[in-house]
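The values are calculated or read from the model by the stated rules, or taken from the named source; none is laboratory data. All values reported here derive from a predicted model rather than from experimental measurement. Neighbour counts are summed over all protein chains in view; Cβ atoms, including those assigned to glycine, are modelled from backbone coordinates with ideal geometry. Remember, those area values only see protein heavy atoms, side chains included, never the ligands or the DNA or RNA. Shrake-Rupley method; radii C 1.70, N 1.55, O 1.52, S 1.80 Å.
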Amino acid sequence: MSDPQNYTIGWVCAISTESVAAQAFFDEKHDPPAEVAQNDNNSYALGRMGNYNVVIAVLPDGEYGLVSAASVAKDMLHTFSNIRIGLMVGIGGGAPSQQHDVRLGDIVVSSPRDGKGGVVQYDFGKAIQDRAFLETGFLNQPPTVLRSAVSGLRSGYEADGHRLENDIREVLQKKPRLRKKYSRPPADSDRLYIPDHLHQGSNGSCHQVCGDDPSTLVWRSPRDEEEDDPVIHYGLIASANQLMKDAQARDKVAAEKGVLCFEMEAAGLMNHFPCLVIRGICDYADTHKNKQWQGFAAMAAAAYAKDLLRHIPPNKIESERRVSEVLGNSQ
């Protein structure tokens, strides 16, 4: 059995698809923890990624949102009190715009902008009548060691590109059972519909029921060989307890707040589990949601997170204070 004190990286996932993708990138898998704290209700996957021992926790089946994420992170710190940095890794809904060519399979990394820490919690309740979106509090930014690693990785990618898709292919070669669900879907399945074209009916794919009439689609030029694919975007992530499934509301929040994607957990973590949020884009936060891209998007986010860890020297992690101490709740 594994000693919880040997783990310094805490990794939180919202759904099992994200956890499966994350575990696929373990260089070695470890036994379950020897024991957990009395008030810890999480289930854990333990392993090594590069130089680091990583503990992965996933929200309970069927639970979503800010409170559940905060509870999972809090329980993790009760048992794994030596954690120095946190990661929230998984999928999200993209907010494409003229300024940001966000596409399915791309990656969004939370980065401070305009005085905001990288994640924006907004109040969706006002949207029903007057479409006013209110921020509900300031959220902390990721720890400096993570922001520095993001900056260094970003510079390297800009100069030399990345090999994330190769990393994903290598993982899937070793784990053939995952290929069907976690491989990149066909390019023609990435459809961005105009905001007022709603998904028709509840059955069938968008290709079948919504069609590919050019008048209903946003035209985007194919990415050329010199462009990274997936593309990594850096900026604000919008987080709330309600799932965003409205393209017009999506575009309004994106324009007002400058956000690149939407999700439902990160705002519950930032002030209770200082972390970097990494989201693979699996849909466009509209009525055309489906699960076809979830597996690959989760793999893309996990591949980026592992590459990020490769670029953090071990002594930098060792010099970080324990998260539980930073938060004032050390055991």
(message) If I require 18 Å or longer along the helix axis, counting alpha carbons, and a Kyte-Doolittle average no lower than -0.5, what helices from the chain are left? Use full DSSP H segments.
(response) 66-79, 144-160, 294-310
(request) Would you list, by chain and number, the lysines whose Cα falls below 17 Å from the Cα of K29, excluding same-chain residues fewer than 8 positions away? (result) K174, K175, K306
(request) Compare G47, G161, G86 in a GNM of the chain, Cα atoms joined below 10 Å, and give the one with the largest fluctuation. (result) G161
(message) Given a 1.4 Å probe and heavy atoms of the protein chains only, how would you sort M76, M1, largest accessible area at the top?
(response) M1, M76
(message) Which one, G258, P214, M270, is farthest towards the positive end of the dipole of the chain when Lys and Arg carry +1 and Asp and Glu -1 on their Cβ?
(response) M270
(message) Could you identify which residue out of Y304, Y122, Y157 has the top mean-square fluctuation in a GNM of the chain using Cα springs shorter than 10 Å?
(response) Y157
(request) Sort the range 1-73 into rounded, prolate or oblate with this rule: let a ≥ b ≥ c be the square roots of the eigenvalues of the Cα gyration tensor; rounded if a/c is under 1.5, and if a/c is not under 1.5, prolate when a/b is larger than b/c, oblate otherwise. (result) oblate
(request) Only bridges with both residues in the chain count here: give the DSSP antiparallel percent, nearest 5. (result) 40 percent
(request) Please find, in a Gaussian network model of the chain (springs between Cα atoms separated by less than 10 Å), the residue of G295, G94, G117 whose mean-square fluctuation is greatest. (result) G117
(request) Roll a 1.4 Å probe over the protein chains and send me the accessible area per residue for the chain in Å². (result) 46 Å²
(message) What's the longest uninterrupted piece of the chain once you rule out the GluC sites (Glu not before Pro) that are loop residues per DSSP with at most 13 other Cβ within 10 Å?
(response) 36-224
(message) With a cut-off of 8 Å between alpha carbons and a minimum separation of six or more residues, what is the relative contact order of the chain in percent?
(response) 31 percent
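Out of the DSSP beta bridges found with both residues in the range 1-98, what percent are antiparallel (nearest 5)?
Details: 9 of 19 bridges.
Just about 45 percent of them are antiparallel.
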(message) From the helices alone, meaning DSSP H stretches of at least four residues, give me the mean residue ellipticity at 222 nm for the chain, per-run term -39500 (n - 2.57), in deg cm²/dmol to the nearest 500.
(response) -8500 deg cm²/dmol
(request) For H30, H311, H100, give the ranking by accessible area with the largest first, probe 1.4 Å. (result) H311, H100, H30
(request) Write down the radius of gyration of the chain and its Dmax, each obtained from C-alpha positions, in Å. (result) 19.2, 60
(request) For the range 181-320, give the percent of accessible area contributed by carbon and sulfur heavy atoms, probe 1.4 Å, rounded to a whole number. (result) 48 percent
(request) Using Cα centres only, tell me the gap between the range 1-36 and the range 229-269 in whole Å. (result) 27 Å
